[in-house]
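Student: Sharing a structure below in structure tokens format, with a few things to ask.
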Amino acid sequence: MNQSLPKAKDAPAGARWTAERRTLVLILAVLALRFIFAATTGLGTDESYTVATSRVLTLSTFDHPPLAWWIAHFAAKFFGESALALRVPFVLLSGVTSFLMFVLTRRLFSAEAGFYAVLALALSPALCVADAVWILPDAPLLPAMLACAIFLARVFFDQDRTHAGRNWLLAGLFAGLAMLSKYHGVLLFGGAGLFVLLSPRQRFWLATPWPYLAGLVALAVFSPVLIWNAQHHWVSFLFQGARPGAPHLQLVAPLALIGLQSLILAPWIFFPLAALFLRALWRGPARERDFFLACLGALPIVLFTVVALWSSRRVLPHWAAPGYLMIFPLLGREIAARMQAGDLWPRRALAAASAFTLLAAGAVVALPHLPLKMLAGKRDPLIEMLGWDDFARALDSRGWRKDNMFVAATRWFEAGKLDVALHGNPPVLCLSDDPRGFGIIRDPYDFVGRDALIVGQNLSLAEARARFEKNFDAIEPLAPVEIMAGGAPAIVLDVYRATRFHDPAPEFSLTPPSLAKAPPRPQFKG
């Protein structure tokens, strides 16, 4: 990239369309499109699971820290359980993310750079749609990270250090909120520590109490996760720590991961971000503001790429996205400088990327509603966003609903879909050795003696009896339920009536109270 570009200048005072005004219009326009997207698409698998496991308010959760679960819980209480109602706070948080991106970039570079950073962010699928509309932990994570970065920028780059202590503590507060959203948050504070260690002009902070007090503030905000995990045998930390699997060298995996990262962030966004990130690292502390952003993003970008090298399991490409978020101010500055230098290609590239993003979003909205048989079945690329409301209707129309019954799913992701369709009534248990959050929020011993409907995809009668006949008096088949899409069956759910639940397997629950109720396991002597 051309290193001789002049610094982008802001619009002159009194100009009608300042960068601030253009950014405000852009944020509002993108928010409107996100609300349309939120209202016209169904909940995905992870969203359904989050909503289902948020029905019971807990200090933390099995998979992640609890902030997204808390938001989903209260969204359902106050707004209802339609897809739009549940997504409202998450979409609004995406607006906060865009605003904070502008504030951070303006503070470090210029308002003009801030506008283009927000525009580039709006053209990145993972950060513009998945983390901006869907009910995921990243929705609160991203604004918390940016707010933390803003207060750290004040600490490191403000000439007047009168309020440096307060800014450290506020940085700690938002770092804690990032950690309360997703474990990625700790990597942000780690990146800040890396910057202080490697920047000679900032190293003096290590001899002051403020970084350590900020860490204590972050830890206090994060404390519900620690308390909950201590009560549940550190199950969440163990789950996340085991995700890479056993060490296994895979030389091609990092390259494949980078390729997937380029797709979810959009190649025209990802490769400039990667180039700017590497350039900032190469230049080091000599370009202190660039290096600051590179350090904040470095740990998730580098860590998950390295993990892919030796992981025996798949490393998901979106795990590194919060790291790339910190590089968008550099991209905004680069675009602004080139635009003011008179280059035509950035304008054309942004126009093409905007058109592609709008067309892709429109296709996602329209695809499930097209009456085409080719969209039904497993070939449907959006089948995970298909609601299972047809099962809820069948429960009533076929007379299956009974007092004191429950629905038994055989996989955690199917349990989420069923629970959302049923709005929690009747309750759903996940009778599996991998119940995830369902093993936390519902104790199977509370359901002993009740009848159930066992529901699953590709679940034969022989398999249902083999897996669950020890847990029920009898299991009998019922007519399967078809989940429709585009006028054709997309999913077939096999359904079985199960009589009188008893002897829950220990693996059905992850709660200490359930383990206390379970009969003692026999001890065998060799």
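Student: For region 423-454, name all the residues that are of a type in the set (Val, Ile, Thr) and either in contact with a helix residue (DSSP H, G or I) (Cβ under 6 Å, 6 or more places away or on another chain) or on the phi > 0 side of the Ramachandran plot (or both). Before you say what the answer is, go through the steps one by one.
Tutor: Restricting attention to region 423-454, the residues satisfying the condition of being of a type in the set (Val, Ile, Thr) are 428, 440-441, 448, 454.
Selection gives Val428, Ile441, Ile454.
Student: Among what's in region 41-89 and is touching an Asp or Glu at 6+ places or on another chain (Cβ under 6 Å) and in a helix (DSSP H, G or I), pick the residue that is least open to solvent (accessible area, probe 1.4 Å).
Tutor: Of region 41-89, the ones touching an Asp or Glu at 6+ places or on another chain (Cβ under 6 Å) are 44-45, 52.
Still in the list and also in a helix (DSSP H, G or I): 45, 52.
On the way: Thr45: 24, Ala52: 0 Å².
Out of the qualifying residues, it is Ala52.
Student: For region 313-359, name all the residues that are open to solvent by 40 Å² or more (accessible area, probe 1.4 Å) and among the small types (Gly, Ala, Ser).
Tutor: Matches in region 313-359: Ala341, Gly342, Ala349, Ala351, Ala352, Ala355.
Student: Taking region 211-256 only, how many residues are open to solvent by 30 Å² or more (accessible area, probe 1.4 Å), touching a residue at least 12 places away in the same chain (Cβ under 8 Å) and not in a helix (DSSP H, G or I)?
Tutor: Residues that pass the stated criteria total 8.
Student: Do we have any residue at all in region 415-432 that's open to solvent by 60 Å² or more (accessible area, probe 1.4 Å), touching a residue at least 40 places away in the same chain (Cβ under 8 Å) and more than 15 Å from Arg55 (Cβ to Cβ)? Outline the logic, then answer.
Tutor: Going through region 415-432, the residues open to solvent by 60 Å² or more (accessible area, probe 1.4 Å) turn out to be 423, 425.
When the remaining residues are screened for being touching a residue at least 40 places away in the same chain (Cβ under 8 Å), the result is 423.
Going one step further and asking which of them are more than 15 Å from Arg55 (Cβ to Cβ), we end up with none.
So far as region 415-432 goes, no, none of its residues is open to solvent by 60 Å² or more (accessible area, probe 1.4 Å), touching a residue at least 40 places away in the same chain (Cβ under 8 Å) and more than 15 Å from Arg55 (Cβ to Cβ).
Student: Can you tell me which residue is modelled with the highest pLDDT among those in region 259-312 that are in contact with a strand residue (DSSP E or B) (Cβ under 9 Å, 6 or more places away or on another chain) and open to solvent by 50 Å² or more (accessible area, probe 1.4 Å)?
Tutor: Looking at residues that are in contact with a strand residue (DSSP E or B) (Cβ under 9 Å, 6 or more places away or on another chain) and open to solvent by 50 Å² or more (accessible area, probe 1.4 Å), I get Trp310.
Student: Moving to a separate point now. Check Leu169, Leu100 and return the single one that is of a type in the set (A, V, I, L, M), farther than 17 Å from Arg333 by Cβ and either surrounded by fewer than 22 Cβ atoms within 10 Å (Cβ to Cβ) or at pLDDT 95 or above (or both).
Tutor: Numbers: Leu100 fails: farther than 17 Å from Arg333 by Cβ.
Just a single option satisfies the conditions, and that option is Leu169.
Student: Among the residues of region 492-501, is there at least one that is open to solvent by less than 20 Å² (accessible area, probe 1.4 Å), under 21 Å from Gly424 (Cβ atoms), in a strand (DSSP E or B) and in contact with a Gly (Cβ under 8 Å, 6 or more places away or on another chain)? Explain how you work it out, then say what you get.
Tutor: Going residue by residue through region 492-501, those that are open to solvent by less than 20 Å² (accessible area, probe 1.4 Å) are 493, 495-496, 498, 501.
Checking which are under 21 Å from Gly424 (Cβ atoms) leaves us with 493, 495, 498, 501.
Adding the requirement that they be in a strand (DSSP E or B) leaves 493, 495, 498, 501.
Now restrict to residues that are in contact with a Gly (Cβ under 8 Å, 6 or more places away or on another chain): 493, 501.
Checked against the condition, which is being open to solvent by less than 20 Å² (accessible area, probe 1.4 Å), under 21 Å from Gly424 (Cβ atoms), in a strand (DSSP E or B) and in contact with a Gly (Cβ under 8 Å, 6 or more places away or on another chain), region 492-501 yields at least one hit.
Student: Conditions: (1) closer than 13 Å to Ala218 by Cα; (2) in a helix (DSSP H, G or I); (3) of a type outside the set (S, T, N, Q). Phe156 meets all but one. Number of the miss?
Tutor: All conditions are met except number (1).
Student: For region 120-140, how many residues are more than 8 Å from the chain's Cα centre (by Cα) and part of a helix (DSSP H, G or I)?
Tutor: 11
Student: Here is a further query. Would you check if Val455 is open to solvent by less than 10 Å² (accessible area, probe 1.4 Å) and among the hydrophobic types (A, V, I, L, M, F, W, C)?
Tutor: yes
Student: Further question on the same structure: Quick one: how many residues across region 166-184 are part of a helix (DSSP H, G or I) and either among the basic types (Lys, Arg) or in contact (Cβ under 8 Å) with a residue 60 or more places away in the chain (or both)?
Tutor: Initially, region 166-184 is screened for residues part of a helix (DSSP H, G or I), giving 166-181.
Subset that is either among the basic types (Lys, Arg) or in contact (Cβ under 8 Å) with a residue 60 or more places away in the chain (or both): 166, 177, 179-181.
Qualifying residue count for the region: 5.
Student: Which condition breaks for Phe37 when tested against (1) modelled with pLDDT of 95 or more; (2) of a type outside the set (Val, Ile, Thr); (3) open to solvent by less than 20 Å² (accessible area, probe 1.4 Å)?
Tutor: If we test Phe37 against (1) modelled with pLDDT of 95 or more; (2) of a type outside the set (Val, Ile, Thr); (3) open to solvent by less than 20 Å² (accessible area, probe 1.4 Å), just (1) comes out false.
Student: Regarding region 287-295, can at least one residue be identified that is touching a helix residue (DSSP H, G or I) at 6+ places or on another chain (Cβ under 6 Å) and not in a helix (DSSP H, G or I)?
Tutor: No, there is no match, as no residue in region 287-295 is touching a helix residue (DSSP H, G or I) at 6+ places or on another chain (Cβ under 6 Å) and not in a helix (DSSP H, G or I).
Student: State whether one or more residues within region 85-101 are under 30 Å from Phe204 (Cβ atoms) and not aromatic (Phe, Trp, Tyr).
Tutor: So the first thing to find is which residues in region 85-101 are under 30 Å from Phe204 (Cβ atoms), and the list is 100-101.
In the following step, the residues that additionally are not aromatic (Phe, Trp, Tyr) were identified as 100-101.
Yes, region 85-101 contains at least one residue that is under 30 Å from Phe204 (Cβ atoms) and not aromatic (Phe, Trp, Tyr).
Student: To continue, here is another question. Kindly provide the set of residues from region 389-414 that are open to solvent by 50 Å² or more (accessible area, probe 1.4 Å) and touching a Cys at 6+ places or on another chain (Cβ under 9 Å), ordered by number.
Tutor: Arg411
Student: While we're looking at this one, here's another question. Are any residues in region 191-217 closer than 12 Å to Met145 by Cβ and out of contact with any Gly (no Cβ under 8 Å at 6 or more places or on another chain), and if so, which ones? I'd like the intermediate steps shown before the answer.
Tutor: Filtering region 191-217 down to residues closer than 12 Å to Met145 by Cβ leaves 191-192.
Within region 191-217, Ala192 is the sole residue that qualifies.
Student: Select the helices (runs of 4 or more DSSP H) contained entirely in region 374-487, then report the ones holding at least 3 residues which are closer than 23 Å to Val364 by Cα.
Tutor: On the way: elements: 389-397, 412-422, 438-441, 461-468.
Output list reads 412-422.
The values are calculated or read from the model by the stated rules, or taken from the named source; none is laboratory data. Everything quoted here is computed from the prediction, not taken from an experiment. Positions of Cβ are backbone-derived with ideal geometry, glycine not excepted, and every protein chain shown enters the neighbour counts. Heavy atoms of the whole protein, side chains included, go into the accessibility calculation; ligands, DNA and RNA do not. Shrake-Rupley method; radii C 1.70, N 1.55, O 1.52, S 1.80 Å.
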